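K.L.:
Please read through the structure below; I'll follow up with questions.
The values are calculated or read from the model by the stated rules, or taken from the named source; none is laboratory data. Computed from a predicted structure; not experimentally measured. Note: ideal-geometry Cβ built from the backbone for every residue, glycine included; neighbour counts use all protein chains shown. Protein only, heavy atoms only, side chains kept; ligands, DNA and RNA dropped before computing areas. Shrake-Rupley method; radii C 1.70, N 1.55, O 1.52, S 1.80 Å.
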Amino acid sequence: MEKESGTEYFLNQLSTIKADLSTIDAKTLQKRLVLFPNQAISIYDYTDYSLKYAAGFEIFGMDNNDITMVDIFNTAIPEHREVCGELSGKLIKLAKENVINPELHLLNITYTGQHKNGDEMHILLQGKIFEVANNDKMKSACTIMTYLPHLKPPKIVSWSVQGFSSNNIDDLLDKNIVNNYHIRVREQEILVLISDGYTMIEIGNDLNISSRTVEKHLENLRSRFDCQNTIQLVSFAKDMGIL
């Protein structure tokens with residue numbers, strides 16, 4: 001039997017239930033959760049599969065009263081949707097099956113979203129556990145999506161995960177999905193420094209890792225993006241909006 005992808009798992013968790021923003025709970029959340037300009041927020045319950053709250057989705061040209069979690073997921077462009085789904089699905093599965101400390105877990109994804117009018121948008125998504133159930137496993141999650149209009153829409157999905165220290169996230173991800181379309185935050189840090197002319201020893205000292213680890217990251221990036229050398233890799237990164 002073929003293994004279920006993160007995206008398939010994620011979509012199977014989503015319902016077409018719209019948030020009832022007239023409830024006392026929703027109004028309490030509205031007072032509690034203050035958004036900055038160009039931000040949208042959703043709170044979704046993974047135990048009863050309901051959208052508890054949605055606000056700010058005007059940034060995508062959407063009506064907060066008339067959207068579902070599927071609609072929210074589909075704000076990512078198709079080319080980035082599967083990567084975002086793979087990451088989200090595998091992490092949600094972990095959080096639903098394991099006892100966790102909600103304060104120690106955070107997912108950051110930078111990708112290209114799309115306005116209802118077709119305009120592409122640079123989006124930073126931050127996902128965090130909102131509530132835990134009586135068994136200390138995840139009950140609901142909060143997702144904040146920030147539109148960064150001063151930045152070009154990225155061609156590569158960037159991501160980082162905080163927490164889940166007892167599990168190797170990379171081992172859970174389908175490499176056929178994420179390898180060619182993502183870059184880790186540490187890899188991006190190295191690319192920024194190497195493009196600024198730092199040596200591998202200097203980069204290692206700056207990031208508190210060995211120069212061999214720096215070289216290994218660069219080797220992985222050259223292989224992933226089919227670049228023959230570091231100069232070509234830096235040029236590729238600039239073209240793709242990574243730098």
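K.L.:
Give the stretch 36-51 a look and list any residue that's open to solvent by less than 70 Å² (accessible area, probe 1.4 Å) and aromatic (Phe, Trp, Tyr), or say none.
P.N.:
Tyr44, Tyr46
K.L.:
Return only the number of the condition from (1) among the small types (Gly, Ala, Ser); (2) surrounded by fewer than 20 Cβ atoms within 10 Å (Cβ to Cβ); (3) in a strand (DSSP E or B) that Ala54 does not satisfy.
P.N.:
Looking at each condition in turn, Ala54 falls short on (2).
K.L.:
On to the next question. Does any residue of the stretch 133-153 turn out to be touching a Gly at 6+ places or on another chain (Cβ under 7 Å) and loosely packed, with under 15 Cβ neighbours inside 10 Å?
P.N.:
Yes, the stretch 133-153 has at least one match.
K.L.:
Residues being among the hydroxyl-bearing types (Ser, Thr, Tyr) and free of Cβ contacts under 8 Å to residues at least 24 places away in the same chain: count how many of those fall in the stretch 1-51.
P.N.:
Matching residues across the stretch 1-51 total 3.
K.L.:
If a residue has to be of a type outside the set (A, V, I, L, M, F, W, C), part of a loop (DSSP other than H, G, I, E, B), open to solvent by 10 Å² or more (accessible area, probe 1.4 Å) and in contact with a helix residue (DSSP H, G or I) (Cβ under 8 Å, 6 or more places away or on another chain) to count, how many in the stretch 61-115 make the cut?
P.N.:
4
K.L.:
Name the single residue, out of those in the stretch 186-241 being touching a Lys or Arg at 6+ places or on another chain (Cβ under 6 Å) and surrounded by 15 or more Cβ atoms within 10 Å (Cβ to Cβ), that is farthest from Lys175 (Cα to Cα).
P.N.:
By that ranking, first place goes to Gly241.
K.L.:
A further question on this structure: Could you list, in sequence order, all residues of the stretch 174-215 that are among the basic types (Lys, Arg) and at pLDDT below 90?
P.N.:
Lys175, Arg184, Arg186
K.L.:
Only residues that are touching a helix residue (DSSP H, G or I) at 6+ places or on another chain (Cβ under 8 Å), part of a helix (DSSP H, G or I) and small (Gly, Ala, Ser): list them for the stretch 1-27, please.
P.N.:
Gly6
K.L.:
What are the residues in the stretch 116-132 that are surrounded by fewer than 15 Cβ atoms within 10 Å (Cβ to Cβ) and either farther than 18 Å from Phe57 by Cβ or touching a residue at least 24 places away in the same chain (Cβ under 8 Å) (or both), if any?
P.N.:
The answer is Lys116, Asn117, Glu120.
So that you can scan it fast, the table gives a plain yes or no per residue for (1) polar (S, T, N, Q); (2) modelled with pLDDT under 85; (3) within 17 Å of the chain's Cα centre (by Cα):
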| residue | (1), (2), (3) |
| --- | --- |
| Val132 | no, no, no |
| Met138 | no, no, no |
| Cys142 | no, no, yes |
| Leu148 | no, no, yes |
| Pro153 | no, no, yes |
| Ser160 | yes, yes, yes |
| Ser166 | yes, yes, no |
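K.L.:
For the stretch 116-138, give me each residue that is acidic (Asp, Glu) and not in a loop (DSSP other than H, G, I, E, B).
P.N.:
Those that are acidic (Asp, Glu) and not in a loop (DSSP other than H, G, I, E, B): Glu120, Glu131.
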